[in-house]
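Scroll down for the structure; my scribbles are underneath it.
Bear in mind that the values in this text are calculations on the coordinates, not laboratory data. Just so we're clear, the structure is a prediction, and the values are computed from it rather than from any experiment. Heads up, the Cβs are rebuilt from the backbone with ideal geometry, glycines too, and the neighbour counts pull from every protein chain shown.
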Amino acid sequence: MDKWVLGILGGSGLYDIPGLEDAREQTVHTPWGDPSDVLRRGRLGEVELIFLPRHGQGHRLSPTDVPYRANIDALKRAGVTDIVSFSACGSLQQQYVPGDFVAVDQFIDRTFAREKSFFGAGMVAHVSMAHPVCERLSALGADAIAATGARVHRGGTYLTMEGPQFSTYAESQLYRSWGCDVIGMTNAPEAKLAREAELPYATFGMVTDYDCWHEEEAHVTVTNVLEIMRQNADHARKAVLHLCEALSGVARTASPQGIETCLDFALITAPDKRDPALVSKLDAVAGRILTGE
């Protein structure tokens, strides 16, 4: 496929992009349940965009309750070639200031109540997560954010906590001692599922607070987060515009990291031992490799 079809995961405010053409809604059902909301499709220049509010419109889903598998499957089923994620996060280091963006390139996953794989009993697969984001897409997105005038840090480790509560002081200090840069509640499961679906994924953390480790700053509250989020949302919308401008007229080629073929060497279960019901559910996510065997 030589056309860019970007899946945009983030808040519903990202829908409101000036100049979006052919805007329409699409309802997608998946074998993993329904996604967080209907998909909103449109076009900017030569780039097609498919928006999905991670928590549903009105933010009705907690991080634990987000249907991650359905979201990624729905985007793949809708024809997405690459996923760009925006999410609020807390800073764990002094240099990441509220209002900054971080082009995350590593994760530590501390979630425990999520479904984080499409595979399982009857169809086992192991994909590499050594380099969990698409480096090309991350660089393009960081360039687009910088073009808005926002400060963006290229690279950083994102600690994904279960939530929905924010960290204790002891937890925040522990994560800092591990060398983590930012903390949030959503991105690691998305990255893992996107990789299993052979979709290049890049995520941009929008720093809203200092978690609770910074003794000279107020501890994180929802009010603080929402205030900074409103400021960051405008930069995120403009970044999508700049990204589409950069990609218009540029033929899409496969990710240099081989993400679109990562399942070639990941399937473990012998064909005669596979669960037909699970294989059927993988028609969008792994249909390329399963039908080609």
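What share of the DSSP beta bridges in the chain is antiparallel, in percent to the nearest 5? Walk me through the numbers on the way to the answer.
Values: 18 of 46 bridges.
Percent antiparallel among DSSP bridges in the chain is about 40.
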Label corresponding to Cα extents along the principal axes in Å when calculated from the structure given, among [x] 52, 48, 32; [y] 65, 38, 32; [z] 61, 43, 34: [z]
Using a basic spin-label model with each label point 7 Å from the Cα along Cα→Cβ, how many nm lie between A170 and R151? 3.3
Sorting L49, N187, G156 by the position of each Cα along the dipole of the range 5-292 (Lys, Arg +1; Asp, Glu -1; all at Cβ), the one nearest the positive end of that ordering is L49
Cα-Cα over 23 Å: which of K76/K116; K76/K281; K116/K281; K76/K192; K192/K238? K192/K238
Paramagnetic label zone (point 7 Å from Cα along Cα-to-C-beta, S248; backbone N under 12 Å) in the range 1-30: 19-21
Cα-based helix-to-principal-axis angle, 135-146 vs the chain, degrees rounded to 10: 40
Quote the relative contact order of the chain in percent (integer), defining contacts as alpha-carbon pairs under 8 Å separated by 6+ residues. 26
Using modelled backbone amide H atoms (1.01 Å from N, in-plane), which distant-in-sequence or interchain residues come within less than 5 Å of D82's amide H? V5, G7
